[in-house]
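Worksheet: the structure to be examined is printed underneath.
The values are calculated or read from the model by the stated rules, or taken from the named source; none is laboratory data. Model, not experiment: these values are computed from the prediction. Please note: Cβ atoms are built from the backbone with ideal geometry, for glycine as well, and neighbour counts cover all protein chains shown. Accessible surface is based on the protein model in full, side chains and every heavy atom, while ligands, DNA and RNA are left aside. Shrake-Rupley method; radii C 1.70, N 1.55, O 1.52, S 1.80 Å.
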Amino acid sequence: MDEQLTVLVAASLSFVGTHFALSHPLRGPLVARLGAGGFMALYSLVALATFAWMVLAFRAVPVGEVPWWNGTSDIAWGIASAIMLIASVLLAGSLRGNPAMPDPRAGELARHTPKGIFKVTRHPMMWSFALWSLAHVLVSPTMRVLVLSFAIAFLALIGAKLQDDKKMVLMGESWSIWEKHTSFLPRWQRLPQAGLVPWLGGTALWLGATWLHGALIGMAAGLWRWI
């Protein structure tokens, strides 16, 4: 394995490992010692530092590797663009009425009948990150993209499962009710029932993010690739 790729693997393991450690076994002792505010400051600093290391390591890997398939085809970009639209809808819908988010009303929200994007999955944000990873592997099937994308997808989906366990301990019956009426695995057939706000917000996010993709990275994405 090339030295630069080894560094990327190490950075990715650091990013994922510190997230899991701080979110689960170390969270309680650190909150007790630092307080909630101090813990969040430490968590944010570590997350930012390891993410920055991973991004810099990714950029340091030479781009000369031959892709495993032709990710530049219109078919690959069309599928990836559709996946990213769904990911954007999931992300937009996850920001409102989500009992998994820090919210004093979380217990009350978990007892409500699932609405909007939560008819699809109780972890829409996590699945949006996993879909982001899949879309990027489709159009850029190289080892450096696979390492980065796998790290993000693994963190999102294993993190979602661990979050279920943690929320069950913290919220008890409220989370049990939420789990009973929602699904971990997405029920894709229910996407049309997600509601107008997630679809409008997600489409706007998708259009903006794919435009920035071309403006900042120099590689047109989404509809902008064909306009």
The answer for the longest stretch of the chain without any exposed chymotrypsin sites (Phe, Trp or Tyr not before Pro) (DSSP loop, at most 10 further Cβ atoms within 10 Å) is 70-225
Share of accessible surface on carbon and sulfur in the chain, whole %, 1.4 Å probe and ligands ignored, is 70 percent
Taking the alpha-carbon centre of each part, the distance from the stretch 116-189 to the stretch 1-73 in Å is 18 Å
Quick calc: nm separation of the 7 Å Cα→Cβ label points for Ser176 and Leu95 -> 3.5 nm
The farthest towards the positive end of the charge dipole of the chain, of the residues Leu13, Gly28, Gly214, given +1 on Cβ of Lys and Arg and -1 on Cβ of Asp and Glu, is Gly28
The chain: longest segment with zero exposed trypsin sites (Lys or Arg not before Pro), where exposed means DSSP loop plus at most 16 other C-beta atoms within 10 Å, is residues 1-95
Note: the stretch 52-116, point scatterers on Cα, Debye, no solvent; log10 I/I(0) at q = 0.20, 0.24 Å⁻¹ equals -0.91, -1.02
Semi-axes a, b, c in Å (a largest) for the chain, each sqrt of 5 times a Cα gyration tensor eigenvalue, come to 31, 25, 14
The FRET efficiency for Leu207 and Leu48, from their Cβ-Cβ distance with R0 = 41 Å and rounded to 0.05, is 0.90
Relative contact order as a percentage, the stretch 142-227, C-alpha pairs under 8 Å and 6+ apart, gives 12 percent
Rounded to the nearest 0.05, FRET efficiency between Ala215 and Ser183 (Cβ-Cβ, R0 30 Å) equals 0.25
Inverse of <1/r> over all distinct C-alpha pairs of the stretch 92-184, i.e. the Kirkwood Rh in Å, gives 14.0 Å
Scoring the chain by relative contact order with C-alpha pairs under 8 Å, at least six apart, yields a percentage of 26 percent
Other residues with Cβ under 13 Å from the Cβ of Arg96 give, with Lys and Arg +1 and Asp and Glu -1, a net charge of +1
The simple spin-label model distance between Val197 and Thr72, using points 7 Å out along Cα→Cβ, in nm, is 4.3 nm
Percent relative contact order for the stretch 1-132, counting Cα pairs under 8 Å at least six residues apart, stands at 24 percent
